[in-house]
Amino acid sequence: MKLNIDGLLVYFPYDYIYPEQYSYMLELKRTLDAKGHGVLEMPSGTGKTISLLSLIVAYQKAYPLEVTKLVYCSRTVPEIEKVVEELRKLMDYYTKQTKAKNDFLALALSSRKNLCIHPEVSSLRFGKEVDGKCHSLTASYIRAQHHSNPSQPVCQFFEEFDAVGRQVPIAPGIYNLDDLKDFGRRKGWCPYFLARYAILHANIVVYSYHYLLDPKIADLVSKELAKKSVVVFDEAHNIDNVCIDSMSVNITRRTLDRCQTNVETLQNTISRIKETDAAKLREEYRRLVEGLKEANVARETDMYLSNPVLPDEILQEAVPGSIRTAEHFVGFMKRFLEYLKARLRIHHVVQESAPQFLKDIYEKVCIDRKPLRFCAERLRSLLRTLEIADIADFSAVTLISHFATLVSTYSKGFTIIIEPFEDRTPTIANPVLHFSCMDPSIAIKPVFGRFQSVIITSGTLSPLDIYPRILDFRPVTMASFTMTLARTCLCPLIVGRGNDQVAMTSKFETREDFAVIRNYGNLLLEMSAIVPDGIVAFFTSYIYMENIVASWYEQGILENIQRNKLIFIETQDAAETSMALEKYQEACENGRGAILLSVARGKVSEGIDFVHHYGRAVIMFGVPYVYTQSRILKARLEYLRDQFQIRENDFLTFDAMRHAAQCVGRAIRGKTDYGLMIFADKRYARADKRGKLPRWIQEHLTDGSLNLTIDETVQLGKHFLRQMAQPFRREDQLGLSLLTLEQLQSEDMLKKIAQIAQQA
Amino acid sequence: MDDQGCPRCKTTKYRNPSLKLMVNVCGHTLCESCVEMLFVRGSGNCVQCNTPLRKSNFRVQLFEDPAIDKEVEIRKKVLKIYNKRELDFYTLKEYNDYLEQVEDIVFNLTNNLDVERTKQMMEQYQRDNKDIIQKNKAKLTREQEELEELLLQEQQGSEQRRLETLQEEQRQLQAKRKNKQALLDELEISKLPAAVLLAQHKDRASQLETQIEKQKQNVKPANIFSTGIMMGQTVSLVSVSRVEEVLYVYQPLCFDTYGPPVPELDQLGRLGYLNHVRTASPQDQAGGYTSGLACHRAVQDAFSGLFPS
């Protein structure tokens, strides 16, 4: 249908539209008009993706000079594929309606592992191996050697692409990963490099977060994206953690040992080259004297090593004299390495800030701050000069050099924690140096700075105002949308007590309590009797789940549950888990139903949907707080308090509630879907917890559904399920939660729609 | 680390966890007891390279690789002499060349290349640059200064925060105590029934609680973004309205001196006013002074107010 959004003609590929989609598009349009950033929360299963795509594409078509590109970031490869499919639907609709030929180029980009078509390379199993092998076939000096020595193997796909691929632009159309591979096979071009080249002029790019947020990758892939792009982060409720992870470095004893070997290899290579080809080193030396500007002109394929957020001053300045020659630099690295080794040889935990670390390193091994800052860039230059083909081996020394650069560049926002052993095994020495980033805004700052509109959206972003604070940006729109429903298809219940009136909570003091565990067991038992098909239960951690299941077994509860349904358990092993999931779905298909026991923050809680009969009830046992004793977390909380005035408790609760909401949100994947959401902890009834749930869940939490006992829950649940089991047709929804074009244009509907969005 | 051991007595860290390894200027290791035994007289030769050593120069080995210990030792010595700062050079390139030279010296000394010549070079340098070395001894490098400053800031910040939280807690505690005391006093003197008083007290206590909670929340509300723009403020998209006004026109200042018109500066000489004024010396003129200026001011002074108003 054709919509008029605030004066913009939008083609929407479906015959019906949800009211909240319309409202969402309105907000989005305003954000784009203002050329600002936005934070938008809309429940999952209400068609966020298609709303986003159809509006932004329409905007691009209407104002081709204002918005040149859409960069759509998602989390996983299946999600990326889903987005491309939606986009294909939209584009088909466009061609059908306008009868004009499609001139849009949209493509997905993923790692080499997913895109490689070279028969040898693509058969490798791990991403790192593929990258390393690919590099050993496509690096510029390898190809130069190939000219003089044709027996040197190169990748024919890359050669072909390099020879002709750049002149002929890829034809307009929608390309997912398989399409790209097919296209590559047909033409004999490398799909990966083709895609990387094509994103520069594509209208829509779909890829993973890391291509934009991880400074090491972003520097290569996304550096040249136009300023007038719209960037969308979908499923962005975890974006702060992604940012932090991309900037943090963990160094163990093993890393240092591997680094040691790397340094030795470097030294040997240098002495060998010095004998055979001293001119090369001299050439590098000359370049470094001149400054890095020249060195910066790296060719596309030499991309493997790059710098985490190169500060500008480095690019403009020459490398300090103390690490200019190759030998001195290797000596420098050796000293740095030995220093780190000495630091790891401790018996108690040390926490210090970057300036303290720098001071100490100067006193111990006379290393100044400036050469440290140039370390990553210097190493990159050296590796390129030495023409070391197999780059995968050098990951350790690269990591160390990144650490050196980061620690000397940022005096704030990072902390160094050295732990001699893991908390769980205090007798086994396993020293780790955590260089942990505490400020997610460091990694995302370039994105906000560069692009005119950045949209952060997800099903669970509550409370909205915390995201601009921790990511340090200024949104022009912040809005939360509710789900308009023809029938209340979600039923959140907070169970606080067992039938014996003992409080149910996963609080640390009482979590091992016999009565609490028994009550949890009884809850699951009762639910297994009344809920048809699948039940998904989430625990707060793997250990807690193991304990509880063990004691359920002893108490005979497990046996009783198994009379009703089969039980599957998520484990830390990915293969086992996907097996369990598959069998769980099979069991649900059979009609008897099953129970999946899993863990909040685990694989199941993020990204796996339990549509319809796969999840008729979700039970959240306890509040999924993070492990608060971890020093990294403590440091981060302290930083948040000092820098952003966010109190520890607020942040912990916020973090716990977003995960809880993520978990229970797995069951509702659309308006025809329905499910029970059971929060089994009395602490959920408190205002501070409840207030942090997304608005679309909060709305259905009445006073009557707080602090229930188990049998009250069973009563309410039975009632709800019986109601929902009635036939539900499209006609019931029409006009209420599903609109045709005429209905949409009616006066009072527009008024209603205006109320859907709640500005934060 | 466990496999490290003394090359002479073959004791390892694994067998004797309290083993202390020592290293001397030549970069070879010995354990503490061997040092005690071999260097009873205070000096002797290295077991491995025969370099004459002194017992007092033995240091505890900090790093796994004794060569690093040796290098750091040498480096510290060299840096004491080569202590020029970045500011002592005109260009960055010169400074970088200097740094490289220092690095070369350290490299040579640690790897025993050209030791004699390098030592001579160092001595030469020391003689040539005596005063600079002396002068820079106490000075920290710019980077060091920056670091010190950062550390100081950090310390002060954490100290201040600690104090603030402490004060806050104290204040809350006091308020609670006061409340309790008030209840006791009231129970003692008031004629109301105790149940009412207790209810009142409970009310007050809960009020206090909410107050504290509220205070906590707005300790220092972050209402400003790092860009300096207030939070929660929506950006208005209306363009700034243009104010249409008449342009400002300059009008020269005009005032009445109540006297005869003063001749212009450049006409003073021609009219003979300068005849009896001292001519400006070249020193005076350097600063832009001319005799006309003083004369003009004096004439202005003399003429003004001559006519009665």
For A:VAL206, distant residues with modelled amide H under 5 Å away: A:TYR72, A:LEU107, A:ALA108, A:LEU109
Considering only chain A, percent of DSSP beta bridges that pair antiparallel, nearest 5: 30 percent
Square roots of five times the Cα gyration tensor eigenvalues for the protein assembly as shown, Å: 57, 46, 39
Reduction of at least 50 Å² in accessible surface, 1.4 Å probe, comparing all protein chains with the chain by itself, residues of the stretch A:323-344: A:ARG324, A:HIS328, A:ARG335, A:GLU338
Amide H contacts of B:LEU21 (H built 1.01 Å from N, under 5 Å, at least 5 apart or other chain): B:GLN61
Label-to-label distance, nm, for residues given as B:GLN160 and B:SER281 (7 Å Cα→Cβ offset): 5.6 nm
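What FRET efficiency comes out for the pair A:ARG424/B:GLN170, r = Cβ-Cβ distance, R0 = 30 Å, nearest 0.05? Let's see the in-between values first.
Values: r = 38 Å, r/R0 = 1.28.
After rounding, the FRET efficiency stands at 0.20.
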Cα centroid of the stretch B:194-214 to Cα centroid of the stretch A:716-751, whole Å: 48 Å
Counted charge near A:MET247, where neighbours are those whose Cβ lies closer than 15 Å (Asp, Glu -1; Lys, Arg +1): -2
17 Å cut-off, amide nitrogen to a point 7 angstrom out along A:LYS2 Cα→Cβ, residues in the stretch A:726-747: A:741-745
Residue-normalised accessible area of chain A, expressed per residue, 1.4 Å probe, Å²: 39 Å²
Peptide B:98-105, shielding by other chains (average Cβ, 10 Å cutoff): 5
Simple label model, 7 Å out from Cα along Cβ direction - A:ASP711 to A:ARG563, nm: 1.8 nm
On Cα atoms only, tilt of A:574-589 relative to the major axis of chain A in degrees: 30 degrees
Apportionment of accessible area to carbon and sulfur, the stretch A:545-682, percent (1.4 Å): 47 percent
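Could you tell me the ratio Rg/Rh of the stretch B:72-164? Both radii from Cα atoms, Rh via Kirkwood.
Numbers: Rg = 17.8 Å, Rh = 15.5 Å.
So for the stretch B:72-164, dividing Rg by the Kirkwood Rh gives 1.15.
What does the accessible area per residue of the stretch B:1-61 come to in Å², with a 1.4 Å probe and no ligands, DNA or RNA counted?
Values: 3840 Å² over 61 residues.
Ligands and nucleic acids excluded, the result is 63 Å² per residue.
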Minimum 10 Å² accessible area buried by the other protein chains, the stretch B:128-168 residues, probe 1.4 Å, relative to alone: B:THR141, B:GLU143, B:GLN144, B:GLU146, B:LEU147, B:GLU148, B:LEU150, B:LEU151, B:GLU154, B:ARG161
Backbone N under 15 Å from the B:GLU149 label point (7 Å along Cα→Cβ), restricted to the stretch A:405-420: A:411-412
From phi via Karplus (6.51, -1.76, 1.60), per-residue ³J(HN,Hα) for the stretch A:146-159 in Hz, x at Gly/Pro: 4, 4, 7, 9, x, 7, 5, x, 10, 8, 5, 5, 5, 4
Distance (nanometres) between label positions extended 7 Å along Cα→Cβ at A:LYS89 and A:ARG686: 4.3 nm
Accessible area buried, both sides summed, chains B and A with 1.4 Å probe, Å²: 4000 Å²
Under-5 Å amide H pairs with A:LEU739, H placed in peptide plane, nonlocal only: A:ILE17, A:TYR18
Cα long-axis angle, helix A:440-450 against chain A (0 to 90 degrees, to the nearest 10): 80 degrees
Within the accessible area of the stretch B:13-131 (1.4 Å probe), percent carbon and sulfur: 50 percent
Net charge contributed by nearby residues that have their C-beta within less than 13 Å of B:GLN174 (K/R +1, D/E -1): +3
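Round to the nearest 0.05 the FRET efficiency obtained for A:ALA171 and A:TYR542 when R0 = 51 Å and r is the Cβ-Cβ distance. Don't jump to the answer; show the numbers that get you there.
Values: r = 49 Å, r/R0 = 0.96.
Plugging the Cβ-Cβ distance into 1/(1 + (r/R0)^6) gives 0.55.
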Span from the the stretch A:369-440 Cα centroid across to the the stretch A:100-150 one, whole angstrom: 27 Å
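Apply 1/(1 + (r/R0)^6) to the Cβ-Cβ distance of A:GLU129 and B:ASN179, taking R0 = 51 Å, and write down the FRET efficiency to the nearest 0.05.
So, using R0 = 51 Å, E works out to roughly 0.15.
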Net charge contributed by nearby residues that have their C-beta within less than 15 Å of B:VAL299 (K/R +1, D/E -1): -1
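The values are calculated or read from the model by the stated rules, or taken from the named source; none is laboratory data. Note that the coordinates shown come from a computational prediction; the quantities given were computed from them, not determined experimentally. Here the Cβ is made from the backbone with ideal geometry for all residues, glycine too, and neighbour counts use every protein chain on show. Please note that ligands, DNA and RNA were not included when accessible areas were found on the heavy atoms of the full protein model with its side chains. Shrake-Rupley method; radii C 1.70, N 1.55, O 1.52, S 1.80 Å.
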